[in-house]
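Have a look at the structure below before the remarks.
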Amino acid sequence: MSLSCVYSGAVHGVDAVAVEVEVNAADSGNIDIKLVGLPDAAVRESVDRVITAVKNSGLRWPNKPITINLAPADLRKEGPSFDLPIAVGMVSLSEEQNGPLKDGALEKCLIVGELALDGRVRPIKGILPLTLEAKKQGKKAILVPKGNAMEASIVEGIYVYGIETLREAYELLAGTGNISPEKLDREAFFQSKQTYPIDFNEVKGQAHAKRSLEVSMAGGHNILMLGSPGTGKSMLAKRLTTVLPTMSEAEAIETTKIHSVAGLVDAKNSFLATRPFRSPHHTISDVGLLGGSSHPTPGEVSLAHNGILFLDELPEFRRSTLEVMRQPLEDGQVTISRAAGKFTFPSRFSLVAAMNPCPCGYLGDPARDCRCSPNQIEKYRQRISGPLLDRIDLHIDVPAVNYKELRAESGGESSAVIRERVEEARNVQLTRFVSHPGVNTNADMGSRLVSKFCVLDKASERTLELAMDSLNFSARAYDRILKVARTLADLEGDMDIREVHVMEAIQYRTLDRNLWA
Ligand SMILES: Nc1ncnc2c1ncn2[C@@H]1O[C@H](COP(=O)(O)OP(=O)(O)OP(=O)(O)O)[C@@H](O)[C@H]1O
Ligand SMILES: [Mg+2]
Ligand SMILES: [Zn+2]
């Protein structure tokens, strides 16, 4: 044989595409190894690594001019994941010395992996999308680095072989090795991963904050917490994922794919069955938040997909950074254009933000005096961009808990109890919006749907009108109050919005109230 074809793949966005590695040995010409097919620097370096790895594995390749072609030629190939398929392609041309491969072995497999100089196989990024692609192509098996085997084995209906060395890969293909496919009890694995190490009942007191957070999760409403340092804002935010509906397997795979491409999935923690919680620091760059760089990687908005994005100390974020959040917040995805192509990463998350009520932090604190002037406070609050604030339905105060509450034995309801109510309210919404694609929660409603689904009776109408006038609410508060009232009714299983719901919804507009009125 003087031509061999090994099947591999390349990650593109959060998916993978097929790449064929063709290795050809010519009968005459200068002995040399050429790599063609739009490889980047890391792939070009691959040839040197592969030659050393093959030698150190005690395998042979033909002593002839060799051309390695990565097809399709117009797709930019990045990273070191082609080492193993290239090596396999080269040594498969010397079957006489290395031992014969099983018939059709190469056609049945997809092969990926980086090689170390001693022939060992190193883990790579994006294994989950690559394995899904292998299955889509109808491959019987995928050969992956041992360190990635757990992650790959989440995919059903394909044999996953965790490979430790180049020699092991060759022996598997020759049918002489004794390596067996990875086995995973997917059901049990999924179940075991669905528990959180933290719980809402660890937070003492804060009944008002907890209630508002439940409302926010129930209706998909973004929320902003205002409170002095140490009142428990971060503690509450971290526990929000624990009251969101349990992730479906499809959602879990979607989220894991994003983390896989970002290289954040490790051998032990191979699957995200629980919702992600991301809390980027306020110094984060736009690329870090949205994704990008020359080799497109998902940003924080995508890593938070199906979970929570927590922006602590919101006014400290650069204004431009907050502005760029508009696209993901509105579309549930981000599009990044780069030389390597156009990439779309999903980014549907709940936004949870926190801030101090004023620059010194102690406005409204019973124990400490605020040293800020009205002007300073105004300026501080104005740092949050209007468009972003427009996407936040609830703003709440998180006051300090008193000593007696902190000493209490328990913090009340557990996350599981709250989650049940959230799930029920979400189900009501799924039924309501069944004929409105793209709308899953009350928060997603545009003004047309608000007028359809948030009809008020006379008494509620009057209450809202009074509040709008006396509390100086802006017009943009109106729709938000209605949507939140809808969620409050849903939490109670009420068909109609009642006055109590409107009255409660009005309380969640701290920032709309004129501070000095
Ligand atoms: N309600 C509470 N129940 C139990 N512990 C609490 C509560 N509030 C605060 N704590 C304790 O105080 C610590 C500080 O809380 P946390 O970091 O959440 O405050 P914060 O509001 O985020 O403060 P900052 O504004 O400084 O970020 C927590 O780690 C926790 O130990
Ligand atoms: Mg904090
Ligand atoms: Zn202050």
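Here are some notes:
- Ranking of His259, His436 by count of other Cβ atoms within 10 Å, fewest first: His436, His259
- Gln97 paired with Val417, simple spin-label distance in nm, labels 7 Å along Cα-to-beta-carbon: 7.2
- Karplus-derived HN-Hα couplings along region 242-253 (A = 6.51, B = -1.76, C = 1.60, θ = phi - 60°), whole Hz, x at Gly and Pro: 6, 10, 6, x, 4, 5, 6, 5, 4, 5, 4, 5
- Rounded to 10°, Cα long-axis angle of helix 475-491 versus longest principal axis of the chain: 80
- Per-pair calculated FRET efficiency, R0 = 25 Å: Ser337 and Glu22 via Cβ, rounded to 0.05: 0.25
- Cα centroid separation, region 390-405 to region 61-102 (Å): 60
- Interchain or long-range residues, amide H under 5 Å from Arg348's placed H: Asn306
- Residue-by-residue Karplus 3J(HN,Hα) for region 144-160, coefficients 6.51, -1.76, 1.60, Hz, glycine and proline x: 10, x, 3, x, 9, 5, 4, 4, 5, 6, 5, 7, 7, x, 8, 6, 10
- More than 14 angstrom apart: percent of Cα pairs within region 441-503: 53
- Cβ-defined net charge surrounding Leu213, 11 Å radius [Lys, Arg +1; Asp, Glu -1]: +3
- Paramagnetic label zone (point 7 Å from Cα along Cα-to-C-beta, Lys55; backbone N under 15 Å) in region 11-43: 32-33
- For region 233-258, backbone nitrogen atoms closer than 14 Å to the point 7 Å from Lys193 Cα along Cα-to-C-beta are found at 247-258.
- Remark: the Arg391-Ala174 segment gains 72.3 nm on full extension, using 0.36 nm per residue and subtracting the alpha carbon distance.
- Amide H partners (placed H, <5 Å) of Leu115, local residues excluded: Asp83, Leu84, Arg122
- Counting other Cβ atoms within 10 Å as a rough exposure proxy, the listed residues Leu466, Leu471, Leu84, Leu173 run Leu466, Leu471, Leu173, Leu84 from fewest neighbours to most.
- Footprinting exposure proxy ranking of Tyr403, Tyr170, Tyr478, Tyr362, fewest other C-beta atoms within 10 angstrom first, gives Tyr403, Tyr478, Tyr362, Tyr170.
- Amide H to amide H, with H built 1.01 Å from N, Gly292 comes under 5 Å of Thr297, Gly299, counting only residues 5 or more places away or on other chains.
- Between Met235 and Arg368, the FRET efficiency estimated from the beta carbon spacing at R0 = 22 angstrom works out to 0.65.
- Vicinal HN-Hα couplings computed from phi for region 454-469 (Karplus, 6.51 cos²θ - 1.76 cosθ + 1.60; Hz; Gly/Pro x): 10, 7, 9, 7, 4, 4, 5, 4, 5, 4, 5, 4, 4, 5, 4, 6
Any read-out appearing in this document is the output of simple, stated calculations on the displayed coordinates, not a laboratory observation. All values derive from a computational prediction rather than experimental measurement. Virtual Cβ from ideal backbone geometry, glycine too; neighbours counted across all protein chains shown.
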